[in-house]
Each structure stands twice: as structure tokens, then as C-alpha cells.
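The values are calculated or read from the model by the stated rules, or taken from the named source; none is laboratory data. What you see is a predicted model, and the numbers here were worked out from it, not measured in a lab. Cβ: placed from backbone, ideal geometry, glycine included. Neighbour counts: every protein chain shown. Just the protein is used for accessible areas: all its heavy atoms, side chains included, with ligands, DNA and RNA removed. Shrake-Rupley method; radii C 1.70, N 1.55, O 1.52, S 1.80 Å.
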Amino acid sequence: VSDMKKRLTVLTNDLFEAAKASSGDMPVNIETVDLNALVRQALGEFDERLEKAELNIRLSLPDEPSYIKADGRLTWRVIDNLLNNVVKYGQTGSRVYIDVKDCGDRFGLTIKNISAYELNIPADELMERFKRGDESRNSEGSGLGLNIANSLIDLQHGSFRVSIDGDLFKAEFELP
């Protein structure tokens, strides 16, 4: 029963956040944020979970800070959602590539990993609410993470996309 309560709480919270994000009814505090620092901080917080899942991070960051105009809290939530997906759905013992790139007037973050599940769904459908790549639905998660991430990046005037190539899952966003 406690597992069911926990999943219901997660679903309720995710639904509430998805509704606020997609409606634009969420405060956005745009400031100068170092994307490199956010990525390093997130990886520090996920270190134990990534190690337990036997996922090997291959991190590529510019030598200089990657300053973006964004809401640090919202961008953190996007990175958190993406790393949660990596831990939940990544193939044990595989590598996860995380790259921050200078795209001229923007910086981009790309996270690529091999899925433990066969990705039998088009990439655009994964960003719809309640869609997940694992049809069995045995793992935790609401199916709202990518939808929320997309809405949060959109609120900050950025772009978000996912792509699938076989079992390779790739999520990327760019922010000014």
C-alpha cells in the first residue's frame, strides 16, 4: 500500500507541475546562470544513484563558464528530470554522454544514453503526457517528465527535443 501511495503522490505532484508549466502559470525568474555549474551540481546529487545503476558518465563541458539567461530553478528541474530518466531507464553498465556546447547566441545541453527497454515509440510521442518508452509500465514514473521538461524550457524561451536511434535515447535543450 505504501508503494501505491508514493506513486500516487508522485503522479499528483507531476500532474500539478505539468498543468502549471504548460499553462504558463508558473513564475519565471530569468537571471544569468552557469549551465556548467548546474550540470556539475546535478551530477553530484545523482552520483550515488548513477553508481548504483552502473552508469558511466562521459562529461564534456567548455573550459569557460556557459552563461545562459534562464531560471536556475526551472533549468535545474529539467536536468533533474533528464537524469532521473537516465537512472530509471538506462541500460545497466552503459555510458551516458553529457555535453554542453556553445551554439553561438545560446548554450545547449545534450544527454545521450542507451535504453534498457526497447524504444518502440516515436520520439515525438515520448514528449506527450503519460507516454513512456517501456510499454510494461513496471518501473516508477508518471510519464510526465519529458512533457514537463519541454514546457519548462519553453517558458524560458528555449528549445527542447528528443530523438531515438535504435536504443539510443537523446534529449537536448538550448537556452539563450
- Message: If you consider only alpha-carbon coordinates, what radius of gyration and Dmax does segment 28-74 have, in Å?
- Response: 12.7, 36
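Test of understanding: what is the full-extension gain from Ser159 to Ile121, defined as 0.36 nm times their sequence separation minus their Cα-Cα distance?
Working: separation 38, 0.36 × 38 = 13.68 nm, distance 2.14 nm.
Between Ser159 and Ile121, full extension yields 11.5 nm more.
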- Give me the number: length gained by fully extending Glu64 to Gln41, i.e. 0.36 nm times residue separation minus the C-alpha to C-alpha distance, one decimal in nm. 6.7 nm
- Once both label points are put 7 Å beyond Cα along the C-beta direction, the Asp99-Leu168 separation in nm becomes 1.0 nm
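Using a 1.4 angstrom probe on the protein heavy atoms only, line up Arg58, Arg77 by accessible area, largest first. Could the numbers behind the result be given before it?
Working: Arg58 110, Arg77 55 Å².
Of Arg58, Arg77, the descending order of accessible area is Arg58, Arg77.
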- Query: Considering only protein heavy atoms, what is the solvent-accessible area of Lys112 at a probe of 1.4 Å, reported in Å² to the nearest 10?
  - Reply: 60 Å²
- Message: Taking loop as defined by DSSP and a crowding limit of 12 other beta carbons within 10 Å, which GluC sites (Glu not before Pro) in segment 27-64 fit?
- Response: Glu54
